Amino acid sequence: MRVLLCNKFYYRRGGDCTYTLNLESLLRASGHDVAVFAMETPEALETSWRSYFPAEVDFASARGKLRLLARSLGLGDVRTRFVRLLEDFRPDVVHLNNIHTQLSPVLAELAHRRGIRVVWTLHDYKLLCPRYDCLRRGETVCESCFAGKWPVLRHACMKNSLAASAMAWLEAVTWHRRRLVACTDRFICPSAFMAEKMAQGGFPAEKLTTCCNFTDTAACVREDYAVRGDYYCYVGRLSHEKGMETLVGVASRLPHPLVVVGDGPLRETLPEAPNITYTGRKDWADIKRIVGEARFLVIPSEWYENNPLSVIEALCLGTPVLGAAIGGIPELIESGVSGMTFSAGDAESLSAGIAAMYAADFSYADIARAAQARFSPASYCAHLMNLYQNA
């Protein structure tokens, strides 16, 4: 099968990029022909398809902002370059990922008009929320835009800026639900929670498929899953929606050591404490060791997490997870077997959860075996091929 993967960035920048690159490798290893389409950036990985990539958009200048607005509406070099790629590669399936703004959903229309099947994996809530994360001004959970997009203007949700919010509103009303549904054969929701929210927002159930993400399970194999240190850990972005202020506030009052892996806008303001270690960003070898030897991973998110890879990777390493009961997180955790949940944003609930996780007796090897079977590339590929053929 000939598959064209589309994502705005073509390097390991975030979860959507990691998924796209892993999927490319998986499809190639399974014998399929794969092409990629992304925005040109200095960090973009080398590929024979890079000559088709549209130019990088500069956010800093006024001219760059105008180009970005035009591109978000499906205008400019994205159209011409993508059409040329469609004509040269002739895919059976176009598989979209994170494409809004820098590439735009025009890709779906251009492929659909040529009779090509269009499948779209949803990594965030952009089709429902112009801000993408269902957070009003980046602070509190909000679903006001599910019924109409005016609230993004009323609350100036994008970057606390009316101008930026107006651009997001225009993009949202241009690529409205009916238009997106008409040119997309199937939306892949990595969590049942995402599928429920999409249906709540008016997307037809028959076009929604729940399919949990996968990971490179072979890279998660360890010699002895029982080897554990006396600490718990967090891996991810250091930001408000990730619940970092709540976590650090609780952790600083507890005796248990916490290792925090990652960086983000809150790094300079998060307080130091004797039992908290900030490592900054780490590569996979270090993450495998830190997470694989931790007593447990904590995910304190305060937004609608979709299907976090950090949870999947931890479980495949045999590490139980203490996760906030929000978004798709609870779907990944079998309470008392592979972890526990707590009330998102509730410091007392989080504190009690940490104590309970330390007191619990987990079978790390059993957690790893179950997770590696559940999130294996082979099972994901089989599900995806069925979806490609029947979309």
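The values are calculated or read from the model by the stated rules, or taken from the named source; none is laboratory data. Worth saying up front: this structure is predicted, and the values here are computed from it rather than measured. Note: ideal-geometry Cβ built from the backbone for every residue, glycine included; neighbour counts use all protein chains shown.
Things worth noting here:
- Filtering region 368-390 to residues that are more than 22 Å from L4 (Cβ to Cβ) and over 23 Å from the mean Cα position of the chain (by Cα) leaves only R369.
- For the criterion of being over 28 Å from R137 (Cβ atoms) and either surrounded by 15 or more Cβ atoms within 10 Å (Cβ to Cβ) or not assigned by TED's automatic domain parsing to the domain that holds V311 (or both), G262 fails.
- Residue check, G353 part of a loop (DSSP other than H, G, I, E, B) and modelled with pLDDT of 95 or more: no
- Being buried (at least 20 other Cβ atoms within 10 Å of the Cβ) and either modelled with pLDDT under 95 or not acidic (D, E) (or both) is not true of G280.
- Restricting region 320-338 to residues that are under 21 Å from the mean Cα position of the chain (by Cα) and part of a strand (DSSP E or B), the residue that is surrounded by the fewest Cβ atoms within 10 Å (Cβ to Cβ): L322
- Residue in region 188-206 that is free of Cβ contacts under 8 Å to residues at least 40 places away in the same chain, assigned by TED's automatic domain parsing to the domain that holds Y380 and among the charged types (D, E, K, R) present: yes
- Residue match in region 64-75 (condition: of a type in the set (A, V, I, L, M), closer than 18 Å to D16 by Cβ and in a loop (DSSP other than H, G, I, E, B)): no
- The conditions of being surrounded by 19 or more Cβ atoms within 10 Å (Cβ to Cβ) and part of a helix (DSSP H, G or I) are met by L384.
- Residue satisfying condition, being on the phi < 0 side of the Ramachandran plot and either touching a residue at least 24 places away in the same chain (Cβ under 8 Å) or among the hydrophobic types (A, V, I, L, M, F, W, C) (or both), within set S61, S30, S104: S30
- Failed criterion for D58 (all others in (1) of a type outside the set (S, T, Y); (2) modelled with pLDDT under 95; (3) in contact with a strand residue (DSSP E or B) (Cβ under 8 Å, 6 or more places away or on another chain) hold): (3)
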